[in-house]
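The values are calculated or read from the model by the stated rules, or taken from the named source; none is laboratory data. Since this is a predicted model, take the numbers as computed values, not measurements. Here the Cβ positions follow ideal geometry from the backbone for every residue, glycine too, while neighbour counts run over all protein chains shown. These area figures cover heavy atoms from the full protein model, side chains too; ligands, DNA and RNA do not enter into them. Shrake-Rupley method; radii C 1.70, N 1.55, O 1.52, S 1.80 Å.
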Amino acid sequence: MDRPAVNFYEIAGFAVDPSDPDPFSVYNDPSWRPLLQLAEDKTDIIRMVAPVTTALHPDLYARHVATETWREPSTRYSRTTVTAGGRTLTQVTRRDRDIQTVWVTEHLLKSADDLRAYLTLPDELWDRDADVANVAAAEQALGDAGIVMVETADPLCLAASLFSMADYTVIALTEPALFHALLEKVGRAIYRVVDQVAPQLPGRLWRIAGPEYATPPYLPLRLFDEYVVRYTGPVVHVIERNGGYARIHCHGRVREALPRFVAMGASATDPIEPPPQGDALLSDVRREYGRDLALFGNIEVADIENLDPPDFERVASQALADGTAGEGRGFVLMPTSCPYGRQISARTMGNYETLVRLAEGFGG
């Protein structure tokens, strides 16, 4: 291929059916169809797939965890209750009909005492075995249209998301021993699955989500070393040792984290958000880390939705120039996320078309 790759991230990154009549699928709005088709026809698809896992101790899980769901006219709710250490811990989520996002309206853990109770749960509760048949099926369905990227959270992602962002940062800062115990607990299940899957899927790209929880301004850099390098590093090592390629997914301010991605042995990173959302210029990242990391980014989805076409074209052209300058492992022109509303505007559609046009015409 003699042009830079272009990818729309979640658009074609997830296999969706625009004819699905589910009222909670935003993709069945007619305005989505041209964009979904553009992604399928003209982009380098990276289909995100997590291996199917099966609980090894379902009876044990049922004794401690219960989930109920209910629906109101335009909203779906889910409540999970966990019985642990003499406490009943509760999490509530909601999904609105016209927004492709699940909101956590009540987090499971709300205090250090809740965390202590959670830590009394038996480790075996989350033991699962993985099956990669769905990954193989996704690859077969894609054929030559793209590749599959294996999905996993890291221990920090699972641990931090049990709390609200405010409670997480306070506990991670003030209760490091407790938080390390939590990372060890949730990490056990992740390591088990990655150890099973990585040897069965050599040569695949993986995406590891979670390190952004420990980037500035949320936590000081010393805790990035403790909570990411220490616990995410083993995930990277297993993937890379088995011939895979670990891509670290990390929004926000990554300038000080980038050398740590390299030290962990990662092969790639995304989405390299430009300032002011991030704190590193793509040109600097390419120059300093491009020989070590393949770079995916750095188009803000807000720019796709809000910039007038001439302004967006300047932004995208600059990203292409910066991402491909000099020597490096590679660059994929890619948004930082995707629209999550029911309707795609003409401006948004046109700016996605610009990404394809610029990539196809680059260097010509």
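With the checklist (1) more than 19 Å from residue 323 (Cβ to Cβ); (2) open to solvent by less than 60 Å² (accessible area, probe 1.4 Å); (3) not charged (D, E, K, R) in hand, flag the one item residue 263 doesn't pass.
So residue 263 meets the others, but not (2).
Checking residue 316 against (1) surrounded by 15 or more Cβ atoms within 10 Å (Cβ to Cβ); (2) in contact (Cβ under 8 Å) with a residue 40 or more places away in the chain; (3) out of contact with any strand residue (DSSP E or B) (no Cβ under 8 Å at 6 or more places or on another chain); (4) more than 18 Å from residue 253 (Cα to Cα), which single condition isn't satisfied?
(3)
Just checking, does the stretch 28-51 include any residue being under 30 Å from residue 125 (Cβ atoms) and either among the β-branched types (Val, Ile, Thr) or assigned to a helix (DSSP H, G or I) (or both)? Lay out the reasoning, then the answer.
Keep residues of the stretch 28-51 that are under 30 Å from residue 125 (Cβ atoms), which gives 48-51.
Filter once more, keeping what is either among the β-branched types (Val, Ile, Thr) or assigned to a helix (DSSP H, G or I) (or both): 49.
Yes, some residue in the stretch 28-51 is under 30 Å from residue 125 (Cβ atoms) and either among the β-branched types (Val, Ile, Thr) or assigned to a helix (DSSP H, G or I) (or both).
Quick check, is residue 355 surrounded by 17 or more Cβ atoms within 10 Å (Cβ to Cβ) and out of contact with any Gly (no Cβ under 8 Å at 6 or more places or on another chain)?
Taking the combined requirement at face value, the residue satisfies it.
Output the qualifying pairs, or none if there are none: Cβ atoms under 6 angstrom, residues six or more apart or on different chains, first residue in the stretch 149-172 and more than 21 Å from residue 225 (Cα to Cα), second residue assigned to a strand (DSSP E or B) and open to solvent by 30 Å² or more (accessible area, probe 1.4 Å).
These pairs meet every condition: 149/207; 151/207.
Please go through the stretch 240-260 and give me each residue that is open to solvent by 40 Å² or more (accessible area, probe 1.4 Å) and among the charged types (D, E, K, R), ordered by number.
240, 241, 253, 255, 256, 260
Residues 288, 327: which one is closer than 30 Å to residue 264 by Cβ, surrounded by fewer than 21 Cβ atoms within 10 Å (Cβ to Cβ), touching a Gly at 6+ places or on another chain (Cβ under 8 Å) and charged (D, E, K, R)?
After ruling out the rest, the residue left standing is 327.
Quick check on my filter: what residues within the stretch 28-51 are in contact (Cβ under 8 Å) with a residue 24 or more places away in the chain, out of contact with any Phe, Trp or Tyr (no Cβ under 7 Å at 6 or more places or on another chain) and open to solvent by less than 80 Å² (accessible area, probe 1.4 Å)?
Selection gives 29, 31, 32, 34, 44, 45, 46, 47, 49, 50, 51.
Can you go through 112, 133, 117, 138 and tell me which one is in contact (Cβ under 8 Å) with a residue 40 or more places away in the chain and in contact with a Lys or Arg (Cβ under 6 Å, 6 or more places away or on another chain)?
On inspection, the qualifying residue turns out to be 138.
Can you list the helices (runs of 4 or more DSSP H) lying wholly within the stretch 85-191 that have 2 or more residues being open to solvent by 40 Å² or more (accessible area, probe 1.4 Å)? Break it down into steps so the answer makes sense when it comes.
Numbers: elements: 112-118, 133-142, 155-160, 165-174.
Filter on the stretch 85-191 gives 112-118, 133-142, 165-174.
Looking only at the stretch 145-178, count how many residues are among the small types (Gly, Ala, Ser), within 20 Å of residue 266 (Cβ to Cβ) and touching a strand residue (DSSP E or B) at 6+ places or on another chain (Cβ under 8 Å).
1
With the requirement that a residue be in a helix (DSSP H, G or I) and either free of Cβ contacts under 8 Å to residues at least 40 places away in the same chain or within 14 Å of residue 132 (Cα to Cα) (or both), what does the stretch 204-229 give you?
221, 222, 224, 225, 229
Check the stretch 310-321 and report whether any residue there is under 23 Å from the mean Cα position of the chain (by Cα) and over 30 Å from residue 98 (Cα atoms).
yes
Residue 201 - would you say it is farther than 18 Å from residue 48 by Cβ and in contact (Cβ under 8 Å) with a residue 40 or more places away in the chain?
Criteria not met by residue 201.
If you go through the stretch 308-330, how many residues are of a type outside the set (Val, Ile, Thr) and out of contact with any Lys or Arg (no Cβ under 8 Å at 6 or more places or on another chain)?
12
Which residue, of 297, 363, 278, 326, is under 18 Å from the mean Cα position of the chain (by Cα) and either part of a loop (DSSP other than H, G, I, E, B) or at pLDDT below 95 (or both)?
Testing whether each residue is under 18 Å from the mean Cα position of the chain (by Cα) and either part of a loop (DSSP other than H, G, I, E, B) or at pLDDT below 95 (or both) leaves just 278.
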